[in-house]
1. For LEU201, only one of the following conditions fails: (1) over 24 Å from TYR179 (Cα atoms); (2) modelled with pLDDT of 85 or more. What is its number?
2. Only residues that are part of a helix (DSSP H, G or I) and either more than 17 Å from MET138 (Cβ to Cβ) or among the polar types (S, T, N, Q) (or both): list them for segment 176-204, please.
3. Anything in segment 205-256 that is part of a loop (DSSP other than H, G, I, E, B) and over 28 Å from LEU121 (Cβ atoms)? List them, or say none.
4. Tally time: how many residues in segment 242-291 are small (Gly, Ala, Ser) and under 30 Å from TRP31 (Cα atoms)?
5. Assigned to a helix (DSSP H, G or I), surrounded by fewer than 19 Cβ atoms within 10 Å (Cβ to Cβ) and among the aliphatic types (A, V, I, L, M): is that true of VAL117 in this structure?
6. Identify, from the list ALA247, ALA183, the residue that is under 30 Å from ASP295 (Cβ atoms), buried (at least 19 other Cβ atoms within 10 Å of the Cβ), in contact with a Gly (Cβ under 7 Å, 6 or more places away or on another chain) and not β-branched (Val, Ile, Thr).
7. Pairs under 7 Å by beta carbon, first residue aliphatic (A, V, I, L, M) in segment 227-253, partner in a loop (DSSP other than H, G, I, E, B) and crowded, with 24+ Cβ neighbours inside 10 Å, six or more apart or different chains?
8. Run down ALA56, ALA61 and say which single residue is in contact with a helix residue (DSSP H, G or I) (Cβ under 6 Å, 6 or more places away or on another chain), among the small types (Gly, Ala, Ser) and within 30 Å of HIS82 (Cα to Cα).
Amino acid sequence: MSETQTLRQWLLTETPTSRRHAKLSALYQGWLSFRSNTMAMVGLGILIALILIAFAAPLLAPHDPFSQDLGNRLAPLGTDGHIFGTDSLGRDILSRLIYGARITLYIVALVALIAPVAGLLVGTVSGYVGGWADVVLMRITDIFLAFPRLVLALAFVAALGAGIENAVLAISLTAWPPYARIARAETLTIRSSDYISAIKLQGAGPIRIITKHIWPLCISSLIVRVTLDMAGIILAAAGLGFLGLGAQPPSPEWGAMISEGRRFILDHWWVATVPGLAIFTVSLAFNLLGDGLRDVLDPKAGE
């Protein structure tokens, strides 16, 4: 019997011999379940390709994304080595798309680090402490949820000033309420469990209970929600860029590229269409990945 077969049997055993063995077995079985979802694997493949393209942008970009050639402006697809043509300043659209992937990943990564953490903190404190703290925190959450996300982000960016960092902060400030709701619902279910009562009898304080026993059980739901929300976050960032409130020129941000190309949409459709297709593809990939993760991390969703 080969080592690979032995390892596979060890991971698939129904009687794990240790906590570490049980965690590895659960991870492997989750991966097998995820791998069986073809569309989820397609989404994962697109996102891995996006990450590789972003890291290897200097090697993959055929031209300088900031180099202008006014004599070759609005060149059609495939003209003079410009696969996706050029924009109104003669800049290579493919090169700007490739470098724009870095900005997209930068925004997604920062929002994914800020919004879920803030929502997890607010939701678990609200659900565990209860009383007036729960009322105050949830009413604040309701106020944020009452406004459309893009409108609220526009208000924050208008107050903070245009720029990619301010756009990230504005999107994060509008994205945390749903995570707080999810975390609170999970906490209300968990805090009345018998094992939480047993931990209290052992002398554990509220901070230890929240951080060591409640947070880990909320993570899977938040991961699924974050993945499904990434498409909305990308669209919000593109919307801010389209309005000139996100990444500032000459940054090759996809929303800003669409904004520039809208003036030529009838005669030179590729200037706006190509970055629009890039946004569509990445958003679809996150949705496919999120659906796959939901099936794996939330078995009740499939019932």
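The values are calculated or read from the model by the stated rules, or taken from the named source; none is laboratory data. Since the structure is predicted, the reported quantities are computational estimates derived from the model, not experimental observations. FYI the Cβ positions are ideal-geometry reconstructions off the backbone, even for glycines, and counts take in every protein chain you see.
1. Tallying (1) over 24 Å from TYR179 (Cα atoms); (2) modelled with pLDDT of 85 or more, LEU201 fails exactly one: (2).
2. Those that are part of a helix (DSSP H, G or I) and either more than 17 Å from MET138 (Cβ to Cβ) or among the polar types (S, T, N, Q) (or both): THR187, THR189, ILE190, ASP194, TYR195, ILE196, SER197, ALA198, ILE199, LYS200, LEU201.
3. Those that are part of a loop (DSSP other than H, G, I, E, B) and over 28 Å from LEU121 (Cβ atoms): LEU243, GLY244, ALA247, GLN248, PRO249, PRO250, SER251, PRO252, GLU253.
4. Adding up the residues that qualify gives 4.
5. So VAL117 passes the test.
6. Answer to the selection: ALA183.
7. Listed by first residue and then by second, the contacts come to ALA237/GLY246; LEU240/GLY246; ALA247/GLU253.
8. It is ALA61.
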